[in-house]
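Okay, so here's the structure we're looking at.
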Amino acid sequence: MHMKHFILWMSIGAFAIACNSNPNNPKEPAADPNAIQKEKDDFVNDSTNWTTVSWPDSIQNFGKVTDGEKVLLSFHVKNTGTKPLVISSVTAGCGCTVPSKPEEPILPGAEGIIKAEFNSSGRVGRADKYVTVNCNTKARTYTLKFEGEVVAKQETTNTNNK
């Protein structure tokens, strides 16, 4: 009777491993994005992993752009501590901005870049936007700001004087 249970459990285990494998690389199991994010969040919240950072350009002014232009901003972060810096997430304050972050930890003394692409389409006037960064520091959350002005496209009129 014990041998049947052993065979049953081995079969279930083999089936589970086969179902979780990555079809592009059968030797490598598929990564669960939710599990990876939870791992990053747990790391960031554990005070034994905290480091320190500096943000030399956490506020930027992109000047004037024409309605419809996309602006790419780069915010530099330096790991000034003794532990690797893990940026678990970056979020934008509105849908007009798409942020991106380094996926790999930033080693002590090294620098990384948080990017933000601002789409000015339909946003004529003053633009005050922000990106929120979550990382493994005591503060855990930093706000990066950028501002500028979006001006309307100049309408070209065809005036033929005959």
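Quick notes on this structure:
- Annotation: residue 95 fulfils all but one of (1) touching a residue at least 40 places away in the same chain (Cβ under 8 Å); (2) over 30 Å from residue 47 (Cα atoms); (3) among the small types (Gly, Ala, Ser); the unmet one is (1).
- Residues (closer than 30 Å to residue 86 by Cα, surrounded by fewer than 18 Cβ atoms within 10 Å (Cβ to Cβ), in contact with a strand residue (DSSP E or B) (Cβ under 7 Å, 6 or more places away or on another chain) and not hydroxyl-bearing (Ser, Thr, Tyr)) located in the range 137-157: 140, 145, 147
- Cβ-Cβ under 8 Å pairs, at least 6 apart or on other chains, the range 72-87 side over 16 Å from residue 130 (Cα atoms), far side part of a strand (DSSP E or B) and acidic (Asp, Glu): 78/111; 79/111
- Residues satisfying the stated conditions in the range 98-123, i.e. surrounded by 13 or more Cβ atoms within 10 Å (Cβ to Cβ), in a loop (DSSP other than H, G, I, E, B) and touching a Ser or Thr at 6+ places or on another chain (Cβ under 9 Å): 101, 108, 120
- Tally, over the range 30-87, of residues that are of a type in the set (Gly, Ala, Ser), farther than 14 Å from residue 110 by Cβ and in contact with a strand residue (DSSP E or B) (Cβ under 6 Å, 6 or more places away or on another chain): 4
- Wholly within the range 34-97, strands (runs of 3 or more DSSP E) carrying at least 2 residues that are touching a Phe, Trp or Tyr at 6+ places or on another chain (Cβ under 9 Å), crowded, with 16+ Cβ neighbours inside 10 Å and modelled with pLDDT of 95 or more: 59-66, 70-79
- Residue match in the range 124-136 (condition: in contact (Cβ under 8 Å) with a residue 24 or more places away in the chain, assigned to a loop (DSSP other than H, G, I, E, B), aliphatic (A, V, I, L, M) and surrounded by fewer than 16 Cβ atoms within 10 Å (Cβ to Cβ)): yes
The values are calculated or read from the model by the stated rules, or taken from the named source; none is laboratory data. Since we're looking at a predicted model, the values are computed, not measured. Counting neighbours? That spans all protein chains shown, and the Cβs are built from the backbone with ideal geometry, glycine included.
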